[in-house]
Amino acid sequence: MVTLADVAQHAGVSASTVSYVLSGKRSISASTRERVERSIAHLGYHPNAGARALASSRSNIIALMIPLRTDMYVPVMMEIAIAVATTARSHGYDVLLLTGEEGPAAVRRIEGSALADAMILMDVELDDDRLPLLREAARPGVLVGLPADPSGLSCVDLDFEAAGALCAEHLAGLGHREIAVIGEAAAVYERHTGFAERTLSGLRERCRELGVRLLHRPCEGSYASVAATLARVHDERPGTTAFVVQNEAATDPLLALLRQQGRAVPEDVSVMAICPEQVAAHASVPLTSVAVPAQRMGRHAVERVVAKLRGQAGDGVVLLEPELTVRESTGPRPAPAPD
């Protein structure tokens with residue numbers, strides 16, 4: 001079995017230098033760090049996790065709190081989780097996945113044990129009851145999401161308010177004056193989940209500035225639920241000529257229902273979405289979309305929490321700028337039908 005002393009001899013450094021490279025406790029020059037890392041790779045050295053944890057008071061594990069609720073689109077959550085796991089591994093950390101709806105109890109469990117060195121929290125609500133504990137915790141934490149009050153916290157998220165505004169601007173620029181939003185399930189708004197609330201806020205404010213009427217209706221995402229929501233929109237706002245969808249599960253049912261009704265996309269009605277690129281690009285009509293950069297969000301969260309563990313970063317908010325991709329699903333507002 002290769003030992004730490006073997007690595008030190010191969011790299012031409014002291015055993016303590018190898019230990020510092022592994023633990024990140026002290027600043028090591030880039031050239032020395034690279035030499036040690038090359039020796040570790042060449043010799044196939046794997047430090048004993050138990051001994052390392054005892055010696056350093058660290059587990060080299062990051063806890064990822066990701067409540068898997070039935071009203072959330074799990075593929076996006078898992079895409080973030082995979083990015084967290086792969087990025088953490090590149091920094092020498094493993095990931096402990098906490099998928100239950102434990103709330104503050106999960107933070108207490110990590111803070112009061114040696115299970116993990118740091119925490120990344122997802123599914124963040126505007127007034128999340130985990131945040132007071134996180135602010136007081138000795139172990140660093142990062143949120144993938146933005147609460148109403150981010151003071152004393154580290155947050156990474158897409159700028160969902162700007163994403164909502166971007167959707168309003170795109171459709172208004174095409175002449176649309178009545179827009180309907182098919183949103184997440186009602187429970188998502190009842191919990192005041194940050195991304196959904198902020199998107200709606202950005203849409204409403206920009207539509208108000210542009211003189212566009214906006215109707216928002218939550219939707220469970222099933223075919224029957226989308227059909228009922230679409231019928232309700234037609235009843236309440238028959239002049240609606242464009243839809244913004246923030247519910248990945250609802251995109252295909254919506255396009256199918258519009259097709260059944262003989263409404264062509266985009267000639268009769270425009271549809272755009274806030275969703276991952278693969279969902280938009282592979283829809284039955286490729287959707288104009290604002291991308292949810294799940295992998296970038298996961299990578300940024302890990303980079304920030306690792307920097308905090310090394311004492312190289314403080315608290316603060318990182319908002320990723322939204323990017324609009326125009327595809328085949330949006331077009332000019334159709335001319336009003338003659339009387």
| field | Stokes-Einstein diffusion coefficient of the stretch 151-297, Kirkwood radius over Cα pairs, 4 °C, 1.567 mPa s, in µm²/s | value | 84
| Which of these, 258, 214, 43, has the largest mean-square fluctuation under a Gaussian network model of the chain (Cα springs below 10 Å)? | 43
| query | Once you charge only the Cβ atoms, +1 for Lys and Arg and -1 for Asp and Glu, what is the size of the charge dipole of the chain about its Cα centre, to the nearest 20 debye? | reply | 1140
| query | Sorted from largest down, what three extents in whole angstroms do the Cα atoms of the stretch 66-187 have along their principal axes? | reply | 58, 30, 26
| Excluding ligands, DNA and RNA, what is the solvent-accessible area per residue of the chain at a probe of 1.4 Å, expressed in Å²? | 45
| message | Using protein chains only and a probe of 1.4 angstrom, how many square angstrom of residue 184 are accessible, to the nearest 10? | response | 10
| request: Please work out the FRET efficiency for the pair residue 321 and residue 78, using the Cβ-Cβ distance as r and a Förster radius of 25 Å; give the result to the nearest 0.05. | output: 0.55
| said: Within 10 Å, Cβ to Cβ, of residue 276, how many net charges do the neighbouring residues add up to if Lys/Arg are +1 and Asp/Glu are -1? | reply: -3
| note | Given Cβ charges of +1 for Lys and Arg and -1 for Asp and Glu, the option among 193, 222, 281 whose Cα lies farthest towards the positive end of the dipole of the stretch 180-307 is 193
| request: Name the residue, out of 224, 249, 273, whose mean-square fluctuation peaks in a Gaussian network model built on the chain with Cα pairs under 10 Å. | output: 224
| Electrostatic dipole magnitude of the stretch 71-158 [Cβ: Lys, Arg +1; Asp, Glu -1; Cα centre; debye, to 20] | 420
| message | Let me check the size of the chain from its C-alpha atoms; what are the radius of gyration and Dmax in Å? | response | 24.2, 89
| Assigned charges on the beta-carbon of Lys, Arg, Asp, Glu; the stretch 160-291 dipole about Cα centre (debye) | 260
| field | Carbon + sulfur, % of accessible area of the chain - ligands and nucleic acids excluded, 1.4 Å | value | 52
| Net length gained if the chain between residue 102 and residue 34 were fully extended (0.36 nm per residue, minus Cα distance) | 20.4 nm
| note | Across 103, 211, 141, the residue with the highest GNM fluctuation in the chain (Cα network, 10 Å cutoff) is 211
| field | On Cα atoms only, tilt of 74-90 relative to the major axis of the chain in degrees | value | 20
| message | What is the distance in Å between the Cα centroid of the stretch 98-115 and that of the stretch 177-227? | response | 32
| request: With a 1.4 Å probe and every protein chain left in place, tell me how much accessible area residue 330 has, in Å² to the nearest 10. | output: 20
| Between residue 209 and residue 136, 0.36 nm times their residue separation minus their Cα-Cα distance comes to what? | 22.3 nm
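The values are calculated or read from the model by the stated rules, or taken from the named source; none is laboratory data. Bear in mind that the values here come from a model prediction, so they are computed numbers and not experimental data. Neighbour counts run over all protein chains shown; Cβ positions are idealised from the backbone, glycine included. Note: areas computed on protein heavy atoms with side chains; ligands, DNA, RNA excluded. Shrake-Rupley method; radii C 1.70, N 1.55, O 1.52, S 1.80 Å.
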